[in-house]
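The structure under discussion appears below in the form of structure tokens.
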Amino acid sequence: MGFCFWFFLVFILWQMMNVPTQAAIAVGGGVGINIGNGGGGGGVWFGGGININNNPTPSGPSVSKLNNAYTALQAWKSAITDDPLGVLKTWNGSDVCSYKGVFCSVDSSNEPFVVAIDLNHGNLQGTLVKELSFLTDITIFHLNSNRFSGTVPDTFNDLTSLQELDLSGNYFSGSFPMVTLYIPNLVYLDLRFNNFSGTLPEDLFYKRLDAIFLNNNQFEGELPSNFGNSPASVINLANNKFNGNIPASFGFMRSELKEILLLNNQLTGCIPQGVGLFSEMQVFDVSHNSLMGHLPDTMSCMSDIEVLNLAHNELSGVLPDIVCSLRSLMNLTVAYNFFSGFGQECSKSFYRDVGFDFSLNCIPGRDMQRPQPQCNVIPGSGLSCLRIPSPQPLVCGALFENLNPNVTPSSSPSP
């Protein structure tokens, strides 16, 4: 919810900062900003305002846009079966800009159109309808924390201006909604806390999204081999049923990822060596899986990492000092694994104000460790993790070339 709120607030402030001349106050459900001249869809009404400036009554194309919006919203209203908070009481008449949760802007001719729908926490029950595709100018569609069910209509690919789609906290189901991949300008996709199931398509991680939130669904199967190459800055796949290995190609395309959350799935195998290529990564959480083997030395290149959570896996070996000495580290959790020790730098974590939880491992002489019989047989001790040799000491600046001998630093990844 926080991300959506700030994204929406920034959008509003940007609109206000780009008002070239006069502003008109709107009355109704809130305050509106209307651009007197200029272009590009400048004005925004809050909570269903009514424009009271002296512009002539909209005609021509804008009337068609508002008529289309009226048709879409009334069709949708008829598919909403429960409205305990009375959200839709204002959804009467042709003035769609006065509907609660519907926001309008103006184009370069100062003509209004629907630019956003925000019905978060409306507790509405119903389904989405194909007529919503008539809202071709809408940029933000927020429905989190309602009781919508069914699927996403295939007509949503007609929402050519849509940038942010938040359907989180509902009861949508079925396979991954492929239509979202064909919304051309979409940058934020939030489907978390629903009942979607099945596997994820590779095309999801080729699409130019900035944020992908799919956590707390019923997705399963192996992660697509290209998932770490997404241009997104945040990917959250937590609390699903993904299995198999983290793809060996993880990180090889110099992704811009800053947060990856894979916790509480059924992942196995090793943490790939390519994880070190995510030098801008801030949060890496793979806790509550069944990952095995030793940590790759390349993790020392994660210079911006703040939260590193490896807890509740079957990792082993000595926790490397190079991990504990990461300069930005604020929280390191390796509890409930099979680590057999850690070095001097890890001991210093207690004095660096770094949260460090190493409980329930197999570290001799330390409190709160596993009973010795559990440490006699280390899971995955025969597992051979692919580790490509690199010069010692590891030089992070040369890591990409060492792991990708056919790629030079100036090369650009394929789109």
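In the range 268-293, which residues are part of a strand (DSSP E or B) and within 18 Å of T333 (Cα to Cα)? Hits for the range 268-293 are V283, F284, D285, S290, L291, M292, G293. Flag: L200 does not match the condition of being in contact (Cβ under 8 Å) with a residue 12 or more places away in the chain, in a strand (DSSP E or B) and under 26 Å from Q282 (Cβ atoms). Residues of the range 171-194 include at least one that is more than 16 Å from I235 (Cα to Cα), open to solvent by 10 Å² or more (accessible area, probe 1.4 Å) and touching a Lys or Arg at 6+ places or on another chain (Cβ under 7 Å). The residue that is nearest to the chain's Cα centre (by Cα), among those in the range 223-258 that are closer than 19 Å to V307 by Cα and surrounded by fewer than 18 Cβ atoms within 10 Å (Cβ to Cβ), is S233. Just checking, does the range 183-193 include any residue being more than 25 Å from F278 (Cβ to Cβ) and part of a strand (DSSP E or B)? So far as the range 183-193 goes, no, none of its residues is more than 25 Å from F278 (Cβ to Cβ) and part of a strand (DSSP E or B).
Screening the range 258-290 for residues that are out of contact with any Ser or Thr (no Cβ under 7 Å at 6 or more places or on another chain) and among the β-branched types (V, I, T) and picking the one that is nearest to L315 (Cα to Cα) gives I271.
The values are calculated or read from the model by the stated rules, or taken from the named source; none is laboratory data. This one's a predicted model, so the numbers in the text were calculated from it and none came from an experiment. Neighbour counts run over all protein chains shown; Cβ positions are idealised from the backbone, glycine included. Side chains are part of the model used for accessible areas, which takes the heavy atoms of the whole protein and leaves out ligands, DNA and RNA. Shrake-Rupley method; radii C 1.70, N 1.55, O 1.52, S 1.80 Å.
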